[in-house]
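I have placed the structure first, in the form of structure tokens, so that the comments after it can refer back to it.
Readers should treat all values here as calculations from the given coordinates under stated rules, not as data from a laboratory. All values reported here derive from a predicted model rather than from experimental measurement. All Cβ positions, even for glycine, are placed from backbone atoms using ideal geometry, and neighbour counts span all protein chains on display.
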Amino acid sequence: MPQYQRPIAPGATFFFTVVTNFRRPILTGPASLDFLRTAFREELTHHPFEIDAIVILPDHLHCLWTLPPDDTRYSMRWSAIKGRFTDLFLAGGGTETPRSASRRKRGERGVWQRRFWDHAIRNDDDYGRHLDYIHYNPVKHGLASCPHAWPHSSFAKWVRQGEYANDWMCSCDGEAAKPPDFGDVEGRAGE
């Protein structure tokens, strides 16, 4: 059976999908959001990188990261972020799903799915499609009527930077917006 190999591209930008174990909706509660912020902040301190865009939904998150030049260690970063969140979440009263014998043997907790999805961004168009996918995701999942209505997203930052209009894909006027063309993003987003 072939072994999956993650792309190696120093200083590249990557799209990620990270999912909770059994898709438990645990990420958007106030304590969990604080735990995520802490986990990201600590990892950024130890191993800097740029979070270009992010959306946090109850059971998964998507983000775009740009690594420093000559750095390829995003798996190590995700391991640290997931581990720190898990420690804080469980210490704060959160629960985990039952662990299989394999998880117990490896010392893995039942909070996150074991792996994550990644994609090395190829060009500006690819970046734009993934950026749109991230910011439209709460609408796609029926969690918000418009991207600006979801608070756990980098959409407002991108509006402030002039990259999106505040009413991008908005249906506040009662008109349903036609979703953007994500190309092949949905097939690789792990959803």
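Taking 4.7 Å between beta carbons as the limit, the unpaired Cys residues of the chain are Cys63, Cys172. About its Cα centre, the dipole of segment 1-113 is roughly 620 debye, where the only charges are +1 on Lys and Arg Cβ and -1 on Asp and Glu Cβ.
Cα centroids of segment 103-122 and segment 29-54: 17 Å apart. If only the Cβ of Lys and Arg carry +1 and only the Cβ of Asp and Glu carry -1, the dipole of the chain around its Cα centre is close to 1220 debye. Neighbours of Asn21, meaning other residues whose beta-carbon lies under 10 angstrom from its beta-carbon, give a summed charge of +3 when Lys and Arg score +1 and Asp and Glu score -1.
Dipole magnitude of segment 117-191 about its Cα centre, charges +1 at Lys/Arg Cβ and -1 at Asp/Glu Cβ only, in debye to the nearest 20?
240 debye
Residue farthest toward the positive end of the dipole of the chain, with Cβ of Lys/Arg at +1 and Asp/Glu at -1: which of His135, Trp112, Phe15? Value computed over the given set: Trp112. Of the DSSP H helices in the chain, those with a Cα length along their own long axis of 20 Å or more and a mean Kyte-Doolittle hydropathy reaching -0.5 comprise 30-46, 74-91.
Within the chain, how many lysine pairs that are 8 or more places apart, or on different chains, have C-alpha atoms less than 29 Å apart?
The result is 6.
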